[in-house]
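Here is the structure we will look at, set down as structure tokens.
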Amino acid sequence: MSEPVQTPQIPVNAAFKPRIFSGIQPSGGLTLGNYLGALKRFVQKQDEGIETIYCMVDMHAITTWQDPAKLRHATREGAAAFIAAGIDPARSILFNQSQVSAHVELGWIFNCVARMGWMSRMTQFKDKAGKNSENVSLGLYAYPALMAADILTYHATMVPVGEDQKQHLELTRDIAIKFNNDYGVAFFPVVDPLIEGAATRVMSLRDGTKKMSKSDPSDQSRINLTDDADMIAAKIRKSKTDSDPLPETLDGLKDRPEARNLVNIYAALADMSPDQVVTQFAGAQFGTFKPALVDLSVAKLGPITAEMIRLMKDPAEIDRILGTGADRADAIARPIVDQVYEITGMIRSRR
Ligand code: TYM
């Protein structure tokens, strides 16, 4: 049983309609990292007028254990965060993954396209599995193939993400190319990762070398989108820094990861470049910079948190929005998956 050998079929991305897909896992509450690295940029893409499809990826979340009631809550809260941050469910498609079965259907096919060696190289799997790799779920290992399916079941061409998802998007490109080559088709686009802006990797407030994450055991390490003004202020005031003032240029932050992180956060929140931030605060001590960052954070995040709280009072309305989004998503994904069944040789004769 030899593997197929075909003439490479590289589709021209220009043959596909520009379309954005991205997702967030409801494996806990969302953080400032999710907001700056993803949500805020999702809104910008929507407002640029590109077709945008956004998803709470609940099927991804269960690759690690999730309490069912908490998962449901986190999915609704994540959807509320999208809307509170500026996603308009009339202009973007907003839904949860499990309501559109095309994702898992194509995910299985991609499990048969992706190679074990590719999956074994995924650094996020290695980090999450750690020394426990014999005991994590098979889903955690296969996860990047499902992520490729999330994107490619819409023939999406662009995927805005934070830096930590770069390797998964390279794998998505490899899967698309291998599928096209194996079956001699130019069917899937080769997606462009959009990793842009000052906050593609927001770091922990306790350790500037670690990513800010919803799964960090220390709540002090992150700002949650549900934190109130007092909590935000306390976390920023206590965040780790050094004793030097802010330098005149970004070069002066090279070996100061915590200081660099706070400058990046300020820049992303204020829609400035990190260069502009150091120019504005050159020579300032953290005793001056931190209060400015607190004020900016509260001004930008406060209205989002308040809107999330308001939206969460009506979970039925959130579910209705997710259901409508899922219908619209399904209308795009279903014909694409049906063509994949055709390409791969599956008989589909049910009426
Ligand atoms: P997730 O849920 O871990 O994160 C959602 C998005 O937030 C970004 N992000 C960050 N950006 C900057 N700094 C941080 N500290 C930070 N933490 C998180 C992530 O890069 C991501 O863009 N596998 C994905 C979810 C996913 C997906 C997809 C994304 C599933 N299918 C298809 C894009 C397309 C994940 O676990 O993201």
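The values are calculated or read from the model by the stated rules, or taken from the named source; none is laboratory data. Every value quoted in this text rests on a predicted model; they were computed, and no experiment measured them. So basically every Cβ, Gly included, is an ideal-geometry build from the backbone, and we count neighbours across all protein chains shown.
Is it fair to say A114 is within 27 Å of G197 (Cβ to Cβ), part of a loop (DSSP other than H, G, I, E, B) and among the small types (G, A, S)? Talk me through it step by step, then tell me what you get.
Working: within 27 Å of G197 (Cβ to Cβ): no; part of a loop (DSSP other than H, G, I, E, B): yes; among the small types (G, A, S): yes.
Judged against the criteria, A114 is not a match.
Let's see how each residue does on (1) without any contact (Cβ under 8 Å) to a residue 12 or more places away in the chain; (2) within 28 Å of K17 (Cα to Cα); (3) in a helix (DSSP H, G or I); (4) not basic (K, R):
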residue: M59; (1), (2), (3), (4): no, yes, yes, yes
residue: T63; (1), (2), (3), (4): no, no, no, yes
residue: K70; (1), (2), (3), (4): yes, no, yes, no
residue: T75; (1), (2), (3), (4): no, no, yes, yes
residue: A81; (1), (2), (3), (4): no, yes, yes, yes
residue: I87; (1), (2), (3), (4): no, yes, no, yes
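With respect to V277, is the statement that it is surrounded by 21 or more Cβ atoms within 10 Å (Cβ to Cβ) and either touching a helix residue (DSSP H, G or I) at 6+ places or on another chain (Cβ under 7 Å) or among the aromatic types (F, W, Y) (or both) true?
yes
Each residue in region 111-147 was checked for being over 17 Å from L171 (Cα atoms) and basic (K, R), and 2 of them qualify. Considering D219, D192, the condition of being among the acidic types (D, E), within 18 Å of P26 (Cα to Cα) and either more than 10 Å from the ligand (Cβ to nearest atom) or at pLDDT below 95 (or both) is satisfied by D219 alone. All conditions but one from (1) within 18 Å of the chain's Cα centre (by Cα); (2) of a type in the set (A, V, I, L, M, F, W, C); (3) surrounded by fewer than 17 Cβ atoms within 10 Å (Cβ to Cβ) apply to V136; the one that does not is (1).
Looking at region 184-194, can you tell me whether even one residue there is buried (at least 16 other Cβ atoms within 10 Å of the Cβ) and in a helix (DSSP H, G or I)? Looking for residues that are buried (at least 16 other Cβ atoms within 10 Å of the Cβ) and in a helix (DSSP H, G or I), one finds none in region 184-194, hence no. Among the residues making up region 29-69, those that are away from the ligand (no atom under 15 Å from the Cβ) and more than 16 Å from L94 (Cβ to Cβ) are E48, G49, W65, D67, P68, A69. Restricted to region 105-127, and to residues there that are surrounded by fewer than 16 Cβ atoms within 10 Å (Cβ to Cβ) and under 18 Å from T64 (Cα atoms), the residue that is nearest to the ligand (Cβ to nearest atom) is Q124. On inspection, L322 qualifies as within 26 Å of the chain's Cα centre (by Cα), closer than 30 Å to E105 by Cβ and assigned to a helix (DSSP H, G or I).
Being at pLDDT below 95, in a helix (DSSP H, G or I) and more than 12 Å from the ligand (Cβ to nearest atom) is the filter here; which residues of region 128-171 pass it? Correct list: A129, G130, K131, N132. Close contacts from region 261-275, counting a first residue that is under 10 Å from S297 (Cα atoms) and a second that is basic (K, R), with Cβ to Cβ under 8 Å and a gap of 6+ residues or different chains, come to L269/K300.
Kindly indicate whether any position in region 222-229 is away from the ligand (no atom under 14 Å from the Cβ), part of a helix (DSSP H, G or I) and assigned by TED's automatic domain parsing to the domain that holds Q285. Checked region 222-229: at least one residue is away from the ligand (no atom under 14 Å from the Cβ), part of a helix (DSSP H, G or I) and assigned by TED's automatic domain parsing to the domain that holds Q285.
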